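Trainee: A single structure is presented below for examination.
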Amino acid sequence: MRNTLYYLLFSLLMAFTACSEDSSTPPREVALRSIVCSTDECVISVGGSADFSFSVEDCEAQFDYEVGSAGCQVELRLSDKPTQQPQLFVLERVALAQGVGNYRATLRDRGDGVPYKVDVNLVIKLPSGELVRSDVVTVRSSNFVGGVYNISLRRADNPSLSSDVHFSYDGSHHSYNAHIDDYIALREFVVTIEGIEDETLSINGEPYDAKAKINLRSDATLRVEYEGNTTDYTLHLSCFTGLPVMSINTPGGVGVWSKEEWVEGSVMTLDGMGLFDDMTSVELSIRGRGNSTWGYEKKPYNLKLEKKQSVMGMPKHKRWCLLANYMDRTLLRNRVAYRLAEYTSLAWTPRCEFVELFLNGEHLGQYLLTEHIKVDENRVDITEMETTDNSGEAVTGGYLLELDFHYDNVWQWKGASGTPFAVKYPDEEDLTEQQFAWIKSHIAQVESVLYGGDFADAESGYVKYIDPESFVDYWLIYEICVNHELGNPGSVYLSKDRNGKLFAGPVWDFDWGTFSFKASPHAEWGLFIQWAWWYDRLFKDEAFTALARERWALLKPRFEQIFDFIATESDYIRLSWQRNFALWSISTDINGDEKLTFDAAVERMISVLRRRIDIIDTALR
């Protein structure tokens with residue numbers, strides 16, 4: 001009797017304490033059958049976290065709730081895709097809450113900035129493999145407006161595509177971005193927007209039509225209006241390499257094989273890729289260009305438009321160059337050198353922009369569209385001469401001279417110092433005998449004074465004839481870029497306006513041997529080109545050396561901005577670089593980086609620039 005009474009009392013006590021959190025007796029093994037969440041919606045701040053509570057009604061059931069442990073049985077699953085977990089947020093932890101059978105789940109946003117609204121179930125996987133699911137919890141990000149969280153271009157709706165294209169969300173720019181590997185000139189697509197829930201959509205101010213084609217050659221604006229809130233998103237579609245595409249078609253598709261003969265009647269179009277204004281049906285002539293560069297597989301070209309036009313935001317002109325940069329593993333050498341020159345006092349530096357070139361439908365790779373060196377108010381801005389300007393003040397300018405060791409110009413001579421001079425303006429067909437005789441005589445006078453006994457005299461010496469500041473800044477660009485062409489000399493330019501002094505510049509041709517110590521190993525240890533041409537004499541003047549120190553102190557902080565520029569340009573041309581070198585393999589060994597990857601070649605350029613800045617800084621203190 002006593003044993004029976006004791007058993008009954010023990011059973012009542014166990015029943016009373018079965019769901020008590022203070023019970024120290026291990027519960028009986030109870031199968032978990034249900035999960036109840038405390039809320040049907042959870043809002044997570046971007047990059048932040050949020051909690052919600054849940055309970056298991058079978059409070060004696062045991063399971064591993066420690067997220068991250070090998071045996072954890074708790075996870076989130078998408079309600080509409082029961083085998084998949086959400087991607088934009090995670091179940092970070094599960095902790096005990098007050099009361100047996102009560103827990104607190106913490107969700108964390110991954111910080112991608114993508115707006116979302118997703119239905120999930122909390123799932124507990126039992127040892128038997130059975131899944132127990134909670135009721136639905138809607139999880140949304142704090143930046144969610146409306147139901148737009150999946151935007152795509154479906155190939156079924158857009159036959160020009162080789163596959164479906166999906167946009168990804170960039171929270172920092174509030175934009176949806178997508179990329180097409182192939183070049184498609186007509187980028188008008190049917191845009192599919194999924195996840196729509198009672199909001200009003202418009203694209204570029206027009207109501208969204210799931211069947212209408214949208215022009216995505218430039219960025220479009222998607223406006224979402226939902227529950228009194230309005231949010232604008234940018235739809236950005238990049239194509240091919242992302243660079244503007246220049247297409248030139250010659251009559252009958254004839255090839256461009258001559259540097260002397262223009263292929264007339266050609267037509268150019270420019271797809272600005274949303275970065276620059278498009279151009280259509282521009283009439284022009286095209287021919288080859290360059291000296292040694294014309295001998296390479298990838299050819300450079302000269303362009304002559306039928307009329308002056310602005311191209312890619314650069315001032316109007318007829319004459320342009322397409323530089324191939326064939327030997328340049330970085331494809332950045334000319335671009336970077338010209339940017340460095342823009343930091344100086346030089347009157348004009350050729351502007352340039354990257355393009356992808358298609359010639360008669362064939363992709364030839366990346367080119368640098370560059371302003372041709374010409375006398376013009378927007379380029380070398382000196383007096384434009386007439387054939388009648390043969391005496392008096394009129395014959396004193398303006399002149400554009402090139403120092404070129406190739407010695408293959410029509411109007412050329414060698415000065416007393418042995419320097420090869422050529423007249424580039426007036427043009428060879430316009431230059432008169434009187435003008436040629438005058439500029440030859442003037443250069444002879446300059447050299448006579450420069451190499452005379454009183455060359456450093458502040459009034460009667462060389463400063464009467466040349467502008468020292470431009471000569472210093474011009475030399476500094478060759479020093480910092482390790483360009484030995486100043487010593488040849490080749491592609492070295494001077495200008496002289498009417499009644500004016502000789503000014504150095506503009507800079508030109510920085511793809512051969514530059515940003516490297518391979519062609520000029522002595523540049524790794526000190527100034528290497530201060531002996532070149534007239535500079536050997538100029539640096540014998542203490543005033544010129546003092547000016548060089550002064551200019552360097554001023555320009556050094558500007559030059560150091562180039563590293564940010566290189567980083568930006570490297571990102572900009574990365575895809576283009578890959579396609580360019582899939583087409584062309586460098587057959588020369590000039591710069592020493594020909595076999596490097598893009599990142600390694602750019603890093604080498606940066607290290608050389610940093611080294612040169614340190615070397616020049618030490619030399620000019």
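The values are calculated or read from the model by the stated rules, or taken from the named source; none is laboratory data. Values in this document were obtained by computation on a predicted structure and should not be read as measured data. Don't worry about glycine lacking a Cβ; one is built from the backbone with ideal geometry, like all the others, and counts go over all protein chains shown. Quick note on the areas: whole protein, heavy atoms, side chains included, nothing else; ligands and nucleic acids left out. Shrake-Rupley method; radii C 1.70, N 1.55, O 1.52, S 1.80 Å.
Trainee: Of all the Cα-Cα pairs you can form in the chain, what percent are over 32 Å apart?
Mentor: Result: 63 percent of Cα pairs exceed 32 Å.
Trainee: Straight-line reach from LYS304: which aspartates and glutamates have Cα under 16 Å away, leaving out those fewer than 8 places along the same chain?
Mentor: Partners found: GLU260, GLU261, GLU264, GLU283, GLU371, ASP376, ASP427.
Trainee: Which whole-Hz ³J(HN,Hα) couplings does the range 203-217 yield from phi under the Karplus relation 6.51 cos²θ - 1.76 cosθ + 1.60, θ = phi - 60°, glycine and proline marked x?
Mentor: Rounded to whole hertz, the list is 10, 6, x, 9, x, 5, 10, 5, 10, 7, 7, 10, 6, 10, 5.
Trainee: Excluding ligands and nucleic acids, what accessible area in Å² is computed for TYR451 using a 1.4 Å probe, to the nearest 10?
Mentor: 110 Å²
Trainee: Just check the range 159-277 against the gyration tensor rule for me: Cα atoms, a ≥ b ≥ c as the square roots of the eigenvalues, rounded for a/c under 1.5, and otherwise prolate or oblate depending on whether a/b exceeds b/c.
Mentor: prolate
Trainee: So, one more: Among the lysines, which have Cα under 25 Å from the Cα of LYS81 when same-chain residues fewer than 8 positions away are ignored?
Mentor: LYS117, LYS125
Trainee: Another question about this same structure. What is the distance in Å between the Cα centroid of the range 326-342 and that of the range 159-214?
Mentor: Taking the Cα centre of the range 159-214 as reference, the centre of the range 326-342 is 36 Å away.
Trainee: Sort largest first and round to whole Å: the equivalent ellipsoid semi-axes of the range 394-450, each the square root of five times a Cα gyration tensor eigenvalue. All intermediate terms of the calculation are to be shown ahead of the outcome.
Mentor: Details: eigenvalues 59, 45, 13 Å².
For the range 394-450, the semi-axes come out at 17, 15, 8 Å.
Trainee: Report, in degrees rounded to the nearest 10, the 0 to 90 angle that the Cα long axis of helix 433-450 makes with the longest principal axis of the chain.
Mentor: Compared with the principal axis, the helix lies near 80 degrees.
Trainee: With no solvent and one point per C-alpha, what does the Debye sum give as log10 I(q)/I(0) for the range 250-310 at q = 0.19, 0.26 Å⁻¹?
Mentor: Taking Cα atoms of the range 250-310 as identical point scatterers yields -0.79, -1.08.
Trainee: Give me the dipole magnitude in Debye, nearest 20, for the chain about the Cα centre, with unit charges on the beta carbon: positive for Lys and Arg, negative for Asp and Glu. Could the numbers behind the result be given before it?
Mentor: Numbers: 60 positive and 93 negative charges, 204 e Å.
The calculated dipole for the chain is roughly 980 debye.
Trainee: With all protein chains present, how much of the accessible area of the range 257-381 (probe radius 1.4 Å) comes from carbon and sulfur, to the nearest whole percent?
Mentor: Here it works out to 42 percent.
Trainee: What value, in deg cm²/dmol to 500, does the helix sum -39500 (n - 2.57) over DSSP H runs of n ≥ 4 give at 222 nm once divided by the residues of the chain?
Mentor: Helices in the chain give a 222 nm mean residue ellipticity of -6500 deg cm²/dmol.
Trainee: Additional query: Wrap a convex hull around the Cα atoms of the range 149-201, take a quarter of its surface area, and give that in square nanometres. Don't jump to the answer; show the numbers that get you there.
Mentor: Working: hull surface 18.1 nm².
Average projection, Cα convex hull of the range 149-201: 4.5 nm².
Trainee: If you roll a 1.4 angstrom probe over the protein chains with everything in place, what fraction of the accessible area of the range 408-567 belongs to carbon and sulfur, to the nearest %?
Mentor: On the way: 3080 of 6470 Å².
Accessible surface attributable to carbon and sulfur in the range 408-567 totals 48 percent.
Trainee: Under 13 Å Cα-Cα from LYS414, which aspartates and glutamates qualify once same-chain neighbours fewer than 8 residues away are excluded?
Mentor: GLU402, ASP404, GLU447
Trainee: Give the Cα extents of the range 430-501 along the principal axes, in whole Å, largest first.
Mentor: On the principal axes, the range 430-501 reaches 38, 36, 20 Å in Cα extent.
Trainee: The range 288-378: Rg/Rh from Cα coordinates, Kirkwood Rh? Walk me through the intermediate numbers first.
Mentor: Values: Rg = 13.4 Å, Rh = 14.1 Å.
A ratio of 0.96.
Trainee: Beyond a 20 Å Cα-Cα separation, which of these cross-linked pairs lie in this structure: LYS424/LYS518; LYS464/LYS540; LYS298/LYS518; LYS440/LYS496?
Mentor: LYS424/LYS518; LYS298/LYS518
Trainee: What is the distance in Å between the Cα centroid of the range 451-495 and that of the range 507-565?
Mentor: Using only Cα atoms, the two centres lie 11 Å from each other.
Trainee: Calculate the length of the line joining the C-alpha centroid of the range 590-621 to that of the range 70-119, in whole Å.
Mentor: For the range 590-621 versus the range 70-119, the Cα centre distance is 50 Å.
Trainee: For the range 40-174, what is the accessible area per residue in Å² when the probe is 1.4 Å?
Mentor: With all protein chains present, the range 40-174 gives 49 Å² per residue.
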